[in-house]
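The block underneath contains the structure these notes are about, expressed in structure tokens.
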Amino acid sequence: MTAALSTRGLGKSFGSLVVAEGIDLTLPRGERYALIGPNGAGKTTLINLMTGVFPPDRGRIFLGDDEITTLAPETRVKRGLVRTFQINTLFPHLTALEAVTLAVCERRGVANVFWRRLPTFRDAIDEAQQVLVSLRLGDSGRRLTRELAYGQQRLLEIALALATRPSVLLLDEPAAGVPREESAELFDVIDGLSEDLTVLFIEHDMSLVFRFARRIIVMVGGQILMEGPPEEVAADPRVRDVYLGGARHA
Amino acid sequence: MLASQIAITALFALSLDLILGYAGIVSLGHAAFFGFGAYTAGILSKSGWGEPLTGLVLAAAAAGAVGYATSFVIARFRHLALIMITLGLGVLLHEAANQAHWLTGGADGLQGVRMWPLFGRLPFDLYGYTAYGYSLGVLFLLFLAVRRLTQSPLGLALRGIRENATRMPAIGAPSRAHIRKAYTMAAVIAGAAGALLAQTTETVALDVLSFQRSAELLVMLVLGGAGRLYGGLIGALVFMVARDRFSGINPQYWYFWIGALLVTVVLLLPNGLLGGLGRLLARRERAA
């Protein structure tokens, strides 16, 4: 079976600092992966490399069978590889519905139309509203993004990603800054996403990781330490060392 | 003539509002397109083609071509770098026009522009009635076009770029392509405004390309309120009338009062006159 997303020997350095090295990753279609590791392990850097924010110095990236190593970030999104951000990166003065409609219009290739009024694209607006409803934001569509509660803004991050209809969704600490009781709700929403969608999420809360991930990737010092099902990862002494301070990491 | 000057300036301000107010592209060299349009219309007329409407279209298209060519550079930069690049492009064109005396008349300006009657029937009269009607008509039509654009999916995409340019690629948006499109359209409109000035005054002075013209345009937009469509129109009206009145009161130091007006508006109404009006209406609505 073809992997949804894979990397071969991915590496990146900033000057003498190696932030990613020899990363071989294979994410099967429809799988739920957690990417864990201590601060500075290179988790966000890996997402940045895969989504084209930084060009890798070494290695190759594949989305399905297609190599995407040199594609622009927006082209990767159009091919189905989408991410969210650790810190809210939204459109403060657009309403939630406008923001998601924009993402829908971009996916449909109509965002460059300037001769027709937006309300005439009724199906795009309806689709955006459905995305908001699916993330329990249906009642907040008319509110400006900056006026939404923090947890709702985190959901809007995911809504923007889903509006692009991804095949692979990379979530960078989706529950960062969200109170513990709300973060479980947020992960319930993520858990309810389509089974066709491959999800990889970075998360520090191990209870959420072990509850929602089917497989876990552990990164340390810009390299993959191990990958496996939650029980195997939990039992691995190297992982225990990393989290209890027994390992040296960059 | 003041009324037609206001209409032309309002059209010019509208073009800057499209890129600054909607897409967040700060330009200090927008007069480059205004001037290019003015010289194109003027040179066409001097070369024997004085028909106003086709001259206007050709001048706007020529300015748009320059806008499209420069948009590839503009779309790559933001913030201070962008301001410096637009300023540099404006200065480059100004000096090129100054050097090309044989074509533009240099510092003496382009003389000998003679326009044919509008629609073959309405000559540009001494009182400026035809000029006013013509300028107002073009302003009205292009205002409708810009309003449609701002209400379109591209208008929403431009607001997205203004709000968060770095997020746009993550939703699959080719931001640079959107910016190139908007910048070219703004150049077309600025070129049309410049052509109107050349055609209605039947002369083109070198200052159509000056930095001061670009800076004054920014002042107008700040006065009226950027990103509000009508802000450029209101700002142009307030600026032109204030300039007329202040220069009448004190011909030497009238700019002092323009400065005072600008500082007052920015301090009291940071989103311009229209922004202040909007806030006042919202407050009254809440109180009711």
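For A:Phe114, the test of being crowded, with 17+ Cβ neighbours inside 10 Å, in the same structural domain as A:Gly177 (by TED's automatic domain parsing) and of a type in the set (Phe, Trp, Tyr) is failed. The single condition from (1) under 26 Å from B:Val91 (Cβ atoms); (2) not in a helix (DSSP H, G or I) that B:Leu262 fails is (2). Residues that are at the interface with chain A (Cβ under 7 Å from one of its Cβ atoms) and either hydrophobic (A, V, I, L, M, F, W, C) or within 17 Å of the chain's Cα centre (by Cα) (or both) within segment B:134-160 comprise B:Leu149, B:Leu154, B:Leu156, B:Ala157, listed in sequence order.
Whether any residue in segment B:219-231 is closer than 17 Å to B:Ala69 by Cβ and either at pLDDT below 95 or not charged (D, E, K, R) (or both) is what I want to check. Among the residues of segment B:219-231, not one is closer than 17 Å to B:Ala69 by Cβ and either at pLDDT below 95 or not charged (D, E, K, R) (or both), which makes the answer no. Of the residues B:Ala187, B:Ala260, the single one that is of a type in the set (Gly, Ala, Ser) and under 26 Å from B:Thr70 (Cα atoms) is B:Ala187.
I need a count of the residues in segment B:203-216 that are in contact with a Ser or Thr (Cβ under 8 Å, 6 or more places away or on another chain) and either under 13 Å from B:Ser15 (Cβ atoms) or not in a helix (DSSP H, G or I) (or both). Count: 2. Scanning segment A:56-78 for residues that are within 14 Å of chain B (Cβ to nearest Cβ) and either in contact (Cβ under 8 Å) with a residue 40 or more places away in the chain or farther than 15 Å from A:Thr198 by Cβ (or both) turns up A:Leu63, A:Leu71, A:Ala72, A:Pro73, A:Glu74, A:Thr75, A:Val77, A:Lys78. Would you be able to say whether some residue in segment B:188-208 is under 30 Å from A:Val82 (Cβ atoms), within 14 Å of chain A (Cβ to nearest Cβ) and within 16 Å of the chain's Cα centre (by Cα)? Checked segment B:188-208: no residue is under 30 Å from A:Val82 (Cβ atoms), within 14 Å of chain A (Cβ to nearest Cβ) and within 16 Å of the chain's Cα centre (by Cα).
The number of residues in segment A:109-162 being within 11 Å of another protein chain (Cβ to nearest Cβ) and over 19 Å from B:Gly172 (Cα atoms) comes to 8. Looking across segment A:36-77, the residues that are basic (Lys, Arg) and surrounded by 18 or more Cβ atoms within 10 Å (Cβ to Cβ) come down to A:Lys43, A:Arg76. For segment A:142-158, the set of residues classified as closer than 20 Å to A:Leu193 by Cα and of a type in the set (Gly, Ala, Ser) consists of A:Gly151 only.
Of (1) hydroxyl-bearing (Ser, Thr, Tyr); (2) more than 20 Å from the chain's Cα centre (by Cα); (3) not in a helix (DSSP H, G or I), A:Tyr243 satisfies all except one. Which? The one condition A:Tyr243 does not meet is (3). Applying the criterion of at least 2 residues that are modelled with pLDDT of 95 or more and among the small types (Gly, Ala, Ser) to the helices (runs of 4 or more DSSP H) found wholly in segment A:4-109 leaves A:96-108.
Residue check: A:Glu106 meets all listed conditions (1) more than 11 Å from chain B (Cβ to nearest Cβ); (2) at negative phi; (3) under 19 Å from the mean Cα position of the chain (by Cα); (4) not aliphatic (A, V, I, L, M) but one, namely (1). Residue count for segment B:233-288 satisfying the condition of being surrounded by fewer than 18 Cβ atoms within 10 Å (Cβ to Cβ), among the β-branched types (Val, Ile, Thr) and in contact with a helix residue (DSSP H, G or I) (Cβ under 7 Å, 6 or more places away or on another chain): 2. Residue-level analysis places B:Ala131 outside the set of residues that are hydrophobic (A, V, I, L, M, F, W, C) and at the interface with chain A (Cβ under 8 Å from one of its Cβ atoms).
Being facing chain A (nearest Cβ under 10 Å), crowded, with 17+ Cβ neighbours inside 10 Å and in a helix (DSSP H, G or I) is the filter here; which residues of segment B:161-180 pass it? B:Ile161, B:Arg162, B:Glu163, B:Asn164, B:Met168, B:Pro169, B:Ala170, B:Ile171, B:Ser175, B:Arg176, B:His178 - these are the residues of segment B:161-180 that are facing chain A (nearest Cβ under 10 Å), crowded, with 17+ Cβ neighbours inside 10 Å and in a helix (DSSP H, G or I).
Taking the residues in segment A:135-149 that are touching a residue at least 40 places away in the same chain (Cβ under 8 Å) and assigned to a helix (DSSP H, G or I) as candidates, determine which candidate is surrounded by the fewest Cβ atoms within 10 Å (Cβ to Cβ). The residue in question is A:Arg146. Segment A:169-231 holds strands (runs of 3 or more DSSP E) entirely within its bounds, and those carrying 2 or more residues that are surrounded by fewer than 17 Cβ atoms within 10 Å (Cβ to Cβ) and assigned by TED's automatic domain parsing to the domain that holds A:Arg58 map to A:223-228.
The values are calculated or read from the model by the stated rules, or taken from the named source; none is laboratory data. Note that this is a predicted model, so its numbers are computed, not measured. Backbone-built Cβ (ideal geometry, glycine too); neighbour counts: all protein chains shown.
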